[in-house]
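Trainee: First the structure, then my questions, so here it is.
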Amino acid sequence: MCGIVGYIGKRDAYSTLIKGISRIDYRGYDSAGIAVSINGSLETLKCVGAVSTLKKETSKKNACGTVSIGHTRWATHGKPTKANAHPHLSCDGKIAVVHNGIIENHQALRKYLISEGHKFTSETDTEVIPHLIEHLYEGNLEKAVAAALKQLHGTYGIAVIRAGEKKIVAARKGSPLILGIIGKGEYILASDIAAITEYTKKADYLEDGEICVLTDKGYRITDHDDAPHSHIVKTINWSVAAIEKQGFEHYMLKEIHEQPETMRTIIAGKFDFKNKIPKFGGIRITPLDLKNLDRAIILACGTSFNAGLAGEYFLEKTAGLKTEVVYASEFLCKAEKLSSRDLVIAISQSGETADTLAALRKANSDGAHSIGVVNVVGSTIAREVNSGGLYIHVGPEVGVASTKAYTGQLLSLFLFSLWLGRMRGSLKPAEAEAEMKRLTSLPALAEAALKNEKKIIAIASKFKNATNFMYLGRGIHYATSLEGALKLKEISYIHAEGMPAAEMKHGPIALIDKKMPVVFAVKRDDGYEKIIGNIEEVKARKGIVIAIAEESDKEIHKKADYVIRVPDSTQELSSMLFAIPLQLLAYHIARFRKCEIDKPRNLAKSVTV
Ligand code: M6R
């Protein structure tokens, strides 16, 4: 949830660090801090608010430190105050620690350390770490860190420096840490590759249980007992341009507009045009095991969960596989044990979401096949699935509200269903080929859907002061309605509920009055008459109807107060196309309300705690 950066090398540590943490402040932005080792002591700067505030402070500093760590915080233990901001220090001020994760036994450790004479200055769980390291320090920082880690319960990605020592000691358990190799003796360490990519394309991903010591001579990775680990250095393929706004006012808007392009990339990468079947070389399940599967279980949170609901529809219809979608956080509450006839699909943009990871680990230990549908290459979920998976490859998503990852997940899941349908024999070659042919038109259809932005802005301006919204859809568009509502509430702070259209009658209809905008996803399909019936029900109670409807629907304007058009398409493609106007509607309402669109209050991009 928080962002960590560490730098060792010859550049000015202040500016390098600030640049690094600015790149990942979507991981948390309620306070920030930095510690730099200068002339045998540590200089620490902290502030409440985003990294930009810290930047103003550091610009007054003379550039001289070359070993440093920094942090951008999303509060878990203790309010966002200067005292609770990281780095946290030992009593003698010589050891500084930045941390992402939660130390579960912090209360017991704090009590013990206080009894040993340590003085605490914050309310955080993290502060036990520098005190514990100080307590165990006998002249070797990495040894003291290793000894301290053995006493910590919970999750952590940490970076530690000590005054007068030209090194950074880093360790991870359950929170990501990536080492960017700029050159021999020059490294940038971060919890996210966005902080690294501008300095180097060479990355070494730390594993849980590892400690990494970076010095100006080189780096070494070991376990907690100092046994060396060897790694293969990977290449990062995200460009700096991909993590910049490129003229858009917000990342979210840029990412919405990138969708035709991300769709093209997915289609180009996952189509085997010669054999007329999608290709998924990263999935390691034998054809026999695929045939023997009894069901798929999709595990995910937030937007990825909503994508999973559409995935259920794809898998059941196209691959003939019974599918359940479970909130990852709820999966651990289930008594049922999975087996090798179950296929678990963990969907996660970041690949780091703690609930999804915990659910995946349980599924793995039950013996289910597990695959990932992930965006961030090399992320923990991508590495811990036992049967490979697929990357959606939509590039870095910086806006906290997920947009291009959602449509990328849907498209990848649909292609995966086609592939699985062919592998299991439930889909005929000609059917798969016809679907793939239709899919090639998707990017152009998405471009057309984006062209209606002006109309959406006008509607957004009318409803910018609404206090409640309802989103309704049937079948695959139940997912659309949940996603539309989630987008609106997270960035505009307007209360919104998404639900299956028919469910409205079973209670929520009581909320309808002349102030309530109800957004309908109106697809011309078997359920069309029913959706029109639901619209009539809303109108009869004086509700305001905003319909997302297809170009060919010549009736809808007689029923709805406002109509936003999307191009005609199949049921499957419409799941992606209908999402686009809802993303734009949420964006423009939030913009009119002057909300912090890319960094909504209380949120962070990936929930790793
Ligand atoms: O990285 P993940 O896809 O696992 O993240 C899951 C959710 O935290 C995420 O989708 C969240 O709901 C977004 N803010 C939605 O826009």
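Trainee: State the number of residues belonging to segment 27-55 that are out of contact with any strand residue (DSSP E or B) (no Cβ under 8 Å at 6 or more places or on another chain) and open to solvent by less than 30 Å² (accessible area, probe 1.4 Å).
Mentor: Our first condition is that a residue be out of contact with any strand residue (DSSP E or B) (no Cβ under 8 Å at 6 or more places or on another chain); within segment 27-55, this holds for 38-41, 52, 55.
Next, only the ones that are open to solvent by less than 30 Å² (accessible area, probe 1.4 Å) stay: 38.
The number of residues fulfilling the criteria is 1.
Trainee: Of the residues 554, 594, 605, which single one is open to solvent by 10 Å² or more (accessible area, probe 1.4 Å) and either touching a Cys at 6+ places or on another chain (Cβ under 8 Å) or on the phi > 0 side of the Ramachandran plot (or both)?
Mentor: 594
Trainee: Turning to a different aspect of this structure: Considering segment 247-261 alone, what residues qualify as being over 25 Å from residue 573 (Cβ atoms) and either assigned to a helix (DSSP H, G or I) or touching a Leu at 6+ places or on another chain (Cβ under 6 Å) (or both)?
Mentor: Scanning segment 247-261 gives a single hit, 251.
Trainee: Among the residues of segment 209-218, write down those that are in contact with a strand residue (DSSP E or B) (Cβ under 6 Å, 6 or more places away or on another chain) and without any contact (Cβ under 8 Å) to a residue 60 or more places away in the chain.
Mentor: Answer for segment 209-218, where residues must be in contact with a strand residue (DSSP E or B) (Cβ under 6 Å, 6 or more places away or on another chain) and without any contact (Cβ under 8 Å) to a residue 60 or more places away in the chain: 210, 212.
Trainee: Collect the residues in segment 381-395 that are surrounded by fewer than 24 Cβ atoms within 10 Å (Cβ to Cβ) and part of a loop (DSSP other than H, G, I, E, B), keeping them in residue-number order.
Mentor: Listed by number, the residues that qualify are 386, 387, 393, 395.
Trainee: If the requirement is being assigned to a helix (DSSP H, G or I), under 15 Å from residue 484 (Cα atoms) and touching a helix residue (DSSP H, G or I) at 6+ places or on another chain (Cβ under 9 Å), which of these qualifies: 573, 584?
Mentor: Of 573, 584, the one residue that is assigned to a helix (DSSP H, G or I), under 15 Å from residue 484 (Cα atoms) and touching a helix residue (DSSP H, G or I) at 6+ places or on another chain (Cβ under 9 Å) is 584.
Trainee: Next question, about the same structure. So if I check each of 511, 442, 488, 450, which one is touching a Leu at 6+ places or on another chain (Cβ under 9 Å), surrounded by fewer than 24 Cβ atoms within 10 Å (Cβ to Cβ) and hydrophobic (A, V, I, L, M, F, W, C)?
Mentor: Only one candidate passes the filter, namely 450.
Trainee: Moving on. Just to be sure before I move on: is residue 113 over 30 Å from residue 230 (Cα atoms) and open to solvent by less than 40 Å² (accessible area, probe 1.4 Å) in the structure I sent?
Mentor: Against the criterion (over 30 Å from residue 230 (Cα atoms) and open to solvent by less than 40 Å² (accessible area, probe 1.4 Å)), residue 113 qualifies.
Trainee: Would it be correct to say that residue 267 is assigned to a helix (DSSP H, G or I), assigned by TED's automatic domain parsing to the domain that holds residue 385, surrounded by 13 or more Cβ atoms within 10 Å (Cβ to Cβ) and within 16 Å of the ligand (Cβ to nearest atom)? Before you say what the answer is, go through the steps one by one.
Mentor: On the way: assigned to a helix (DSSP H, G or I): yes; assigned by TED's automatic domain parsing to the domain that holds residue 385: yes; surrounded by 13 or more Cβ atoms within 10 Å (Cβ to Cβ): yes; within 16 Å of the ligand (Cβ to nearest atom): no.
No; evaluated as a whole, the condition is false for this residue.
Trainee: Does segment 477-493 include one or more residues that are outside the structural domain of residue 268 (by TED's automatic domain parsing), free of Cβ contacts under 8 Å to residues at least 60 places away in the same chain and at positive phi?
Mentor: no
Trainee: Taking segment 355-380 as the search range and keeping residues that are more than 16 Å from residue 325 (Cα to Cα) and either within 9 Å of the ligand (Cβ to nearest atom) or among the basic types (Lys, Arg) (or both), which one is surrounded by the most Cβ atoms within 10 Å (Cβ to Cβ)?
Mentor: Residue satisfying both the conditions and the ranking: 374.
Trainee: Considering each of 76, 81 in turn, give the residue that is among the polar types (S, T, N, Q), over 28 Å from residue 187 (Cβ atoms), in a loop (DSSP other than H, G, I, E, B) and within 32 Å of the chain's Cα centre (by Cα). Steps first, answer last, please.
Mentor: Values: 76 fails: over 28 Å from residue 187 (Cβ atoms).
Only one candidate passes the filter, namely 81.
Trainee: Here's a follow-up. Against the condition within 25 Å of residue 387 (Cα to Cα), assigned by TED's automatic domain parsing to the domain that holds residue 143 and modelled with pLDDT of 90 or more, how does residue 202 come out, does it pass?
Mentor: no
Trainee: Kindly establish whether residue 402 is among the hydroxyl-bearing types (Ser, Thr, Tyr) and either on the phi > 0 side of the Ramachandran plot or within 8 Å of the ligand (Cβ to nearest atom) (or both).
Mentor: Details: among the hydroxyl-bearing types (Ser, Thr, Tyr): yes; either on the phi > 0 side of the Ramachandran plot or within 8 Å of the ligand (Cβ to nearest atom) (or both): yes.
So residue 402 fits the description; yes.
Trainee: In segment 311-330, which residue that is farther than 16 Å from residue 372 by Cα and within 16 Å of the ligand (Cβ to nearest atom) is most open to solvent (accessible area, probe 1.4 Å)?
Mentor: Here the answer is 330.
Trainee: Regarding residue 299, is this residue at pLDDT 95 or above, more than 16 Å from the ligand (Cβ to nearest atom) and not basic (Lys, Arg)?
Mentor: Against the criterion (at pLDDT 95 or above, more than 16 Å from the ligand (Cβ to nearest atom) and not basic (Lys, Arg)), residue 299 does not qualify.
Trainee: Across segment 230-257, what is the total count of residues that are modelled with pLDDT of 95 or more and open to solvent by 40 Å² or more (accessible area, probe 1.4 Å)?
Mentor: Summing the residues that are modelled with pLDDT of 95 or more and open to solvent by 40 Å² or more (accessible area, probe 1.4 Å) in segment 230-257 gives 1.
Trainee: Determine which single condition residue 233 fails, assuming it passes every other condition in (1) touching a Lys or Arg at 6+ places or on another chain (Cβ under 6 Å); (2) within 16 Å of the ligand (Cβ to nearest atom); (3) free of Cβ contacts under 8 Å to residues at least 60 places away in the same chain.
Mentor: (2)
Trainee: Take residues that are closer than 17 Å to residue 599 by Cβ and tell me which of the strands (runs of 3 or more DSSP E) falling wholly in segment 1-71 contain 2 or more.
Mentor: Output list reads 31-38, 41-48.
Trainee: Now a separate question. Which condition does residue 201 not pass, out of (1) free of Cβ contacts under 8 Å to residues at least 24 places away in the same chain; (2) open to solvent by 10 Å² or more (accessible area, probe 1.4 Å), if it passes all the others?
Mentor: The number of the failed condition is (1).
The values are calculated or read from the model by the stated rules, or taken from the named source; none is laboratory data. From a predicted model like this one, the values you see are computed outputs, not experimental measurements. Neighbour counts run over all protein chains shown; Cβ positions are idealised from the backbone, glycine included. What goes into the accessible areas is simple: the full protein's heavy atoms, side chains included, and nothing from ligands, DNA or RNA. Shrake-Rupley method; radii C 1.70, N 1.55, O 1.52, S 1.80 Å.
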